[in-house]
Amino acid sequence: MTHAPIAAPWWETAAVYQIYPRSFADSNGDGIGDLRGIIDRLDHVADLGADAIWISPIYRSPMADFGYDISDHLDIDPIFGTLADADDLIASAHAHGLRVIFDIILGHTSDEHPWFIAAAEGRDSPFREFYTWRDGPTPGSPVGGPPNNWTAGFPAGAPAWTWHAPASQWYLHSHLPQQPDLDWSNPDVRRAQLDVLRFWLDRGVDGVRLDSIARIGKDPELRDNIPGQPDRHQNWPVVHEYLREVRAVLDSYPDRMAVGEVWLFEQDLIAPYLMADQLQLTHNFVFARLPFDPAAIGTAVADFEKLADDRVWPAWFLNNHDEPRIATRWNTATDDEALREARLRLAAVLILTLRGTPFLYQGEELGLADTNLAAGVGSDANARDPQRTPMPWKPPSLAGPGAGFTTGEPWLPVGADATTRNVDTQNRSGDSTLAFYRKLLRLRRSRQSLLTGHQSLINSPEGVLAFVRSTNSEHSLIALNFTAEMQTLHLPAPTHALSTASHLLSNHAQLAQPPMSTVSTLELRPWESVVADLTHG
Ligand code: GLC
Ligand code: CA
């Protein structure tokens, strides 16, 4: 069997750590995280063993969507800091050995962006065509409703059109009404937005995360969506032409990467975005919607491997600022602490050993759960506050309700699990969730097979997911027991010789140094997840 050459671009071997800046670290006591706060906490990210940070938007914004509604792409919102802070952050991350990925929103702006303000002035505005304006069935009047049946993401199912009385037309938005869509069929829009990209690449960012990117390609005729037919409001084939233009800009700089948020839930729809002339990575939402079930997870992985060829590199994530945290979603309320911890560690091993680029979300390394917020607390239009509560750095018993995130009053309350699930407390224990992530990330870095190796799923008993990552000279076995029973895994022996497996890492502390399995089976304890060195004897 031949394997891909070892040299791989940085984004294929990197573990990426997502920072939600509002909730990461507050340096000035106003209760809201900021860039200086991030700079002060880069040690944590580097010690964890991440290789890159993705920072959710920090640009000027009225914050209707907490920064995903941009009123000036070329400046930092004062709540987060200044352009000089952004430069410091980039430099400081680089000094920590971390690459920097900025979140760039090509497809829409805030309704307070000067382009939209100008466009809204009337049909003769030179910026009118930056956005999509149309009459409904009754020109000049909202009577009869919007021009077509497209719906917006927020709130889910609401019309994607808002009536603009002063200009007497409807305008199109894929998300909130405060986030009008830019019209990418207009070359002036493409030019202006590619300049935004250049602006940040010139300042030294190593990569960009392209928000909601499938939405830049829409049916130019704006025809109604028809159930059962391809969505005309996004993912229209022209999106690939636009992405080639984006890629040409990236490729005019050395070693820059784009990861697309292709918000499509069937894996075969995201593969076309990963062609050599388009995106290097896309977020794959498949795990965000799967239950804690090895068969479903195994099928999803196998399906993607089938779609992927050597040029297509997977990327995986379990949670982010939009999706519930894995500690909540892959646990049930009745789980005791030990079971909960075992499931968390199993998820950690999965995401950090699969072939592909892993994306971790701040707090995942502490095993944080979603925060139960009292009615009326939280202000996100789409109810995503529970996964966005502040990062706990210290026990609240010592640091107060800000938990080391802020000396002031946090913009959202810190979760109740901060008493034990905070950075300082977990730093002091060799057996904490944080310590486990660190070990795992170190192991990942130290094993070429886990970084770039070929992957094959192996036949396993029901309730077990197991796979092998291989280079020519190294084989790593990953075995995950999703059950409360002992399980016996038969090791693959391609040469018909016996295989042996020696544990490199297990969530069962008592199994940290077990005797090497001497026959071609591996015993898995209840809820055990193992990474082992596999030797074909
Ligand atoms: C993406 C972001 C999300 C945002 C939306 C609109 O899905 O991840 O947070 O609300 O785009 O920009
Ligand atoms: Ca602050």
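The values are calculated or read from the model by the stated rules, or taken from the named source; none is laboratory data. Keep in mind the model is a prediction, meaning the values are calculated, not measured. Note: ideal-geometry Cβ built from the backbone for every residue, glycine included; neighbour counts use all protein chains shown.
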Scan the range 36-50 and give yes if some residue there is near ligand 2 (Cβ under 9 Å from one of its atoms) and either of a type outside the set (Phe, Trp, Tyr) or within 24 Å of Thr433 (Cα to Cα) (or both), otherwise no. yes
message: Tell me whether the range 72-89 contains one or more residues that are of a type outside the set (Ser, Thr, Tyr), in the same structural domain as Pro390 (by TED's automatic domain parsing), part of a loop (DSSP other than H, G, I, E, B) and touching a Pro at 6+ places or on another chain (Cβ under 8 Å).
response: yes
Being part of a loop (DSSP other than H, G, I, E, B), at pLDDT below 95, surrounded by fewer than 18 Cβ atoms within 10 Å (Cβ to Cβ) and polar (S, T, N, Q) narrows Thr535, Thr495 down to just Thr495
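Okay, residues lined up against (1) of a type in the set (D, E, K, R); (2) assigned by TED's automatic domain parsing to the domain that holds Asp88; (3) over 23 Å from the mean Cα position of the chain (by Cα):
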{"site": "Arg190", "(1), (2), (3)": "yes, yes, yes"}
{"site": "Asp195", "(1), (2), (3)": "yes, yes, yes"}
{"site": "Gly207", "(1), (2), (3)": "no, yes, no"}
{"site": "Ile213", "(1), (2), (3)": "no, yes, no"}
{"site": "Asp231", "(1), (2), (3)": "yes, yes, yes"}
{"site": "Glu241", "(1), (2), (3)": "yes, yes, yes"}
{"site": "Tyr253", "(1), (2), (3)": "no, yes, yes"}
{"site": "Met257", "(1), (2), (3)": "no, yes, no"}
{"site": "Met275", "(1), (2), (3)": "no, yes, no"}
Note on Gly408: of the conditions (1) touching a helix residue (DSSP H, G or I) at 6+ places or on another chain (Cβ under 9 Å); (2) farther than 27 Å from Glu523 by Cα, unmet is (1)
Of the residues in the range 21-54 that are more than 16 Å from Leu366 (Cβ to Cβ) and within 17 Å of the chain's Cα centre (by Cα), the one that is farthest from ligand 1 (Cβ to nearest atom) is Asp51
Reported set for the range 111-151 where residues are more than 25 Å from Arg223 (Cα to Cα) and in contact with a Phe, Trp or Tyr (Cβ under 7 Å, 6 or more places away or on another chain) is Trp115, Ala118
By my count, helices (runs of 4 or more DSSP H) wholly in the range 410-471 with at least 3 residues that are crowded, with 21+ Cβ neighbours inside 10 Å and of a type in the set (Asp, Glu) are none
Per the list (1) charged (D, E, K, R); (2) out of contact with any strand residue (DSSP E or B) (no Cβ under 9 Å at 6 or more places or on another chain); (3) in a helix (DSSP H, G or I), residue check on Asp26 breaks on (3)
Note: among Asp47, Asp103, Asp65, just one is in contact (Cβ under 8 Å) with a residue 24 or more places away in the chain and in a strand (DSSP E or B), namely Asp103
Gly122 - would you say it is exposed (fewer than 15 other Cβ atoms within 10 Å of the Cβ), of a type in the set (Gly, Ala, Ser) and either without any contact (Cβ under 8 Å) to a residue 60 or more places away in the chain or more than 16 Å from ligand 2 (Cβ to nearest atom) (or both)? yes
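Mind listing whichever residues of the range 372-401 are of a type in the set (S, T, N, Q) and surrounded by fewer than 23 Cβ atoms within 10 Å (Cβ to Cβ)?
Taking the range 372-401 first, the residues of a type in the set (S, T, N, Q) are 372, 379, 382, 387, 389, 397.
If the condition is that a residue be of a type in the set (S, T, N, Q) and surrounded by fewer than 23 Cβ atoms within 10 Å (Cβ to Cβ), then Asn372, Ser379, Asn382, Ser397 are the ones that fit.
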Being away from ligand 2 (no atom under 14 Å from the Cβ), crowded, with 22+ Cβ neighbours inside 10 Å and of a type in the set (Ser, Thr, Tyr) narrows Ser92, Ser61, Ser23 down to just Ser61
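Yes/no per residue for (1) away from ligand 1 (no atom under 16 Å from the Cβ); (2) among the small types (Gly, Ala, Ser):
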residue	(1), (2)
Thr299	yes, no
Ala308	yes, yes
Ala315	no, yes
Ala338	yes, yes
Glu365	yes, no
